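One structure below.
No lab work stands behind these numbers, since they all come straight from the coordinates. Quantities reported herein were computed from a predicted structural model and do not represent experimental measurements. All Cβ positions, even for glycine, are placed from backbone atoms using ideal geometry, and neighbour counts span all protein chains on display.
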Amino acid sequence: MMNLFQFWRKKGKSPQTTELSTDNIPKHVAIIMDGNGRWARRLGLPRIVGHRNGMKAVKRATIAADEFGIKVLTLYAFSTENWKRPKDEVEFLMSLPQEFLALELEELIQKNVQVRMMGHTEDLPQHTIKAMEEAISRTKDNTGLILNFALNYGSRREITECLRDITRKVAAGEISPEDITEDMVQSGLLTAGLSDPDLLIRTGGELRLSNFMLWQTAYSEFWFTELYWPEFGREHLREALIEYQRRTRRYGGLS
């Protein structure tokens, strides 16, 4: 019997379309990087080995996104819910930005990549913040791919804090409730200044958003794969882009 995942992947797929067009590349791609721990467990390895190999997949995806002409790549690196994991695993995850940037920052600079971060920094360790701030500072004038890390990010918290700011302005008499628009909410989110994702990719076989960019993905195209994140590479991103190009985006209207 075909399961929901197989049906979703099969439905609407056109076998005639196998080439990637340069005319319809999504401007913003967001990825939920899932499956590091399960990849390691399948090989009989500690979970941290999966996270370290996931870091290699980050590099592959970044290089491929840049070569394909994607303008913004947002990676879900750590959620506000991930603090529930074992302490030693959380500490390791908090060390990965420092480790990744120590290894890769110079190459990112050479490739004209601009590093950004969205999330709630007040909860992060100082060494994590310092590593991210250095990368952001050293790449701020770069004009190529924007590599945006969602670190200690949760969409519900993001929206809640945005609404708090708006209601404070209403209470202070700066605006009236009638002044509140979608654009005002959009500008109060952590993605202010970035376009919404055109394509959302999730690895690891799960079919959910996991509190990731709930507002911003209202009209994103979704692409799910059973591949674990450490297995993800250029060919898989290309496959996702080809599937994106097969679809017609109608935004609630008619084509």
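What order do you get for 225-237, 39-51, 172-184 when each peptide is scored by the mean count of other beta carbon atoms within 10 Å, highest first?
Numbers: 225-237: 19.4, 39-51: 16.4, 172-184: 9.9.
Packing proxy ranking, top to bottom: 225-237, 39-51, 172-184.
Considering the chain as a Gaussian network with a 10 Å cut-off on Cα pairs, which listed residue, 130, 71, 169, attains the greatest mean-square fluctuation?
Checking each option, the largest mean-square fluctuation is seen for 169.
With the radius of gyration and the Kirkwood radius both derived from the Cα set of the stretch 14-148, what is their ratio Rg to Rh? Let's see the in-between values first.
On the way: Rg = 16.1 Å, Rh = 16.2 Å.
Here Rg/Rh amounts to 1.00.
May I ask you to derive the FRET efficiency for residue 19 and residue 109 from their Cβ-Cβ distance with R0 = 35 Å, giving the value to the nearest 0.05? Please list the in-between numbers first.
Numbers: r = 33 Å, r/R0 = 0.93.
Plugging the Cβ-Cβ distance into 1/(1 + (r/R0)^6) gives 0.60.
Given the peptides 54-61, 196-203, arrange them by the average over their residues of other C-beta atoms within 10 Å, most packed first. Let's see the in-between values first.
Numbers: 54-61: 20.1, 196-203: 23.6.
Going by the mean number of other Cβ atoms within 10 Å, highest first, we get 196-203, 54-61.
Just going by the charge dipole of the chain, with Lys and Arg at +1 and Asp and Glu at -1 on Cβ, which of 115, 184, 82 is farthest out on the positive end?
Value computed over the given set: 82.
Of 56/87; 87/111; 56/140; 27/59; 56/130, which sit over 30 Å apart, Cα to Cα? Don't jump to the answer; show the numbers that get you there.
Working: 56/87 23 Å; 87/111 35 Å; 56/140 23 Å; 27/59 19 Å; 56/130 21 Å.
From 56/87; 87/111; 56/140; 27/59; 56/130, over 30 Å: 87/111.
Measuring from label point to label point, each 7 Å out along Cα→Cβ, what is the residue 209 to residue 157 span in nm?
For residue 209 paired with residue 157, the spin-label model returns 1.8 nm.
Could you list 106, 158, 134 so that the one with the fewest beta carbons within 10 Å of its beta carbon is first and the one with the most is last?
Values: 106 11, 158 24, 134 15.
If I rank by nearby Cβ atoms, fewest first, I get 106, 134, 158.
Answer rounded, prolate or oblate for the chain, using the Cα gyration tensor with square roots of eigenvalues a ≥ b ≥ c: rounded when a/c is under 1.5, else prolate when a/b is larger than b/c, else oblate. List each step's numbers first, then the result.
On the way: a/c = 1.44, a/b = 1.09, b/c = 1.33.
Cα axes put the chain in the rounded bin.
Contour minus end-to-end for residue 27 and residue 130, with contour as 0.36 nm per residue of separation and end-to-end as the Cα-Cα distance? Please report the intermediate quantities before stating the final value.
Details: separation 103, 0.36 × 103 = 37.08 nm, distance 2.90 nm.
Result: 34.2 nm gained on full extension.
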